[in-house]
């Protein structure tokens, strides 16, 4: 964001303004310094929300405002739809619980989860678990926007791997690094200040690090781990076409989208404050919306049917030649 003591917005300017997690169309009707006696103090803006009564007019800090651009308008519309969908989901969950129903977990979670019976414990242990759960739920939540077509692609991806016993053909036509570079190249000129650019670069660097660290531990389905094992041997050995490469250069849009779907759980384990969490949510949502618009380009990856040798190897078979088992997959 631009420095708060730099006048980025003008009186009567049409803007978008955050109110909680939603961006509303608004108009700036007055501007002042937070400290009238200090001309270097941050600016704050009196905004009138379109369609709202004047009683809702509010003095807001600069970091709640966004320029009235096409991209930000699309973000605002998506955030609103996402919030409405979340509200409906909570209502449905409440109704389901009253009827004695239960919620379904994510596809990968249900695939990897093994049933277990909790052991009996002392009252103190149970109290500790309750305290941990309450502490977890008290952390800032990040509900990243996931456009409908990305959700559909995630479902197709899950079915291809877990049901059809296929794997993504790798290396991907467009790697994670190439996709993120393309986003930065398109987004950077839209940033109005050096600090906005710094936020963009920091978020992208974080995504790269999260992907690199979580790929084999979180993002892969069990059936893909044998493919990952062979690919890792190749980039670690500097094999032809794999020298100086790693997961970010080999995997593509499918696995990157899985990361975005997992991000809320990962971020919930950090110690970010609410303001940082909201900004991160906004930045990640912009990326998913952009990826959704460009899905035809970046999700052109083929899925390959695994050989019998690969299937046996992925299930823990010991009599399979690794080269034969994976030769059709990479």
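Annotations
- Spans of helices (runs of 4 or more DSSP H) in region 188-253 with at least 3 residues under 22 Å from the mean Cα position of the chain (by Cα) and surrounded by fewer than 18 Cβ atoms within 10 Å (Cβ to Cβ): 194-214
- Residue list for region 232-266, filter: without any contact (Cβ under 8 Å) to a residue 60 or more places away in the chain, in contact with a helix residue (DSSP H, G or I) (Cβ under 8 Å, 6 or more places away or on another chain) and closer than 24 Å to residue 277 by Cβ: 259, 262, 266
For every residue, the table says whether it meets (1) touching a residue at least 40 places away in the same chain (Cβ under 8 Å); (2) under 21 Å from residue 288 (Cβ atoms).
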residue	(1), (2)
11	no, no
18	yes, yes
29	no, no
68	yes, no
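- Only a single item in (1) modelled with pLDDT under 90; (2) buried (at least 18 other Cβ atoms within 10 Å of the Cβ); (3) under 30 Å from residue 313 (Cα atoms) is not met by residue 116, and it is number (2).
- Whichever residue in region 255-299 is more than 13 Å from the chain's Cα centre (by Cα) and part of a helix (DSSP H, G or I) and, among such residues, is surrounded by the fewest Cβ atoms within 10 Å (Cβ to Cβ): 296
- The combined condition, being modelled with pLDDT of 85 or more, under 15 Å from residue 230 (Cβ atoms) and not assigned by TED's automatic domain parsing to the domain that holds residue 80, is fulfilled by residue 309.
The values are calculated or read from the model by the stated rules, or taken from the named source; none is laboratory data. Keep in mind that this is a model prediction, so the values were computed, not measured. Methodologically, a virtual Cβ is constructed for each residue, glycine included, from the backbone with ideal geometry; neighbour enumeration extends over all protein chains shown.
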